[in-house]
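The next block holds one structure in the form of structure tokens; read it before the comments.
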Amino acid sequence: PAMAEVLSLLRRFAATDATVLILGETGAGKDVFARLTHRLSGRKDKIMLKVDCGGISETLTESELFGYEKGAFTGADAKRIGSIERASGGTLVFDEIGDRPPSIQAKLLRLLQEKQFQRLGSSQPLVADVRIIAATNRNLEQAILDGQFREDLYYRLNVVRIELPPLRNRKGDIPLLAAHFLKHFAAEM
């Protein structure tokens, strides 16, 4: 029943371009729901690009997301297109959004508010035609109180909120998941 309620909410909003915030513990299925949201959207035939916010070092995050111009810094010998620009027309998933530093959070806020961004080393704003899906296992409300997450960014991300219950609260799903994985791995091996 808990998952039926989540699926009902997802089906109502997936076809829109509304920003989606998916919350849940590790292993709850946030990635699955991000892909499903994209598949049910009007952007389903376009790219869905996932950015692992927890896996990119703080120093590389800005160039990975926004790209850079030739000469923007030492070693930037050619222009590089960032994830935001590569996902143009499609969906951009920020996995573990709660792991980004405040400096990047401010730039993500601009992206959400104004649908614009700038490559490093450029003063030219670029339009971002992307749908944003953010996912995290962190308690963002507590992160706000602790001064680790911007409250204004949280409200921009929290347009459609999907909270995935942990598997321990969905014991009826275990046989379904077991059957799925058995079938998948049996076919693979």
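Structure data summary
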item: Two-decimal Rg to Rh for region 43-109 - Kirkwood Rh, Cα set; result: 0.99
item: Length added when fully stretched, residue 163-residue 129, from 0.36 nm per residue minus Cα-Cα; result: 9.7 nm
item: Relative packing of peptides 55-61, 7-13, 87-93, 66-72 - highest average C-beta neighbours within 10 Å first; result: 87-93, 66-72, 7-13, 55-61
item: Helix axis angle, 2-13 relative to the chain longest principal axis, alpha carbon, degrees; result: 40 degrees
item: Sorted peptide list for 74-81, 165-172, criterion being average Cβ within 10 angstrom, highest first; result: 165-172, 74-81
item: Selection from 34, 76, 51, by position along the positive dipole direction of region 15-95 (Cβ); result: 34
item: Charge-dipole axis of region 62-178 as Lys and Arg at +1 and Asp and Glu at -1 on Cβ define it, positive-most pick from 98, 167, 140; result: 167
item: Range of Cα positions in the chain per principal axis (Å), largest first; result: 55, 43, 29
item: In sequence order, calculated HN-Hα J values of region 66-72 (Karplus, 6.51, -1.76, 1.60; Hz; x Gly/Pro); result: 9, x, 7, 8, 4, x, 5
item: Estimated inter-spin distance, residue 189 and residue 114, nm [label 7 Å along Cα→Cβ]; result: 5.4 nm
item: Unit charges on C-beta of K, R, D, E only; dipole of the chain, Debye; result: 600 debye
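Quick note: the coordinates plus some simple rules give every number you see, no bench work behind them. The shown structure was predicted, so the numbers you read here are calculated from the model rather than taken from an experiment. Virtual Cβ from ideal backbone geometry, glycine too; neighbours counted across all protein chains shown.
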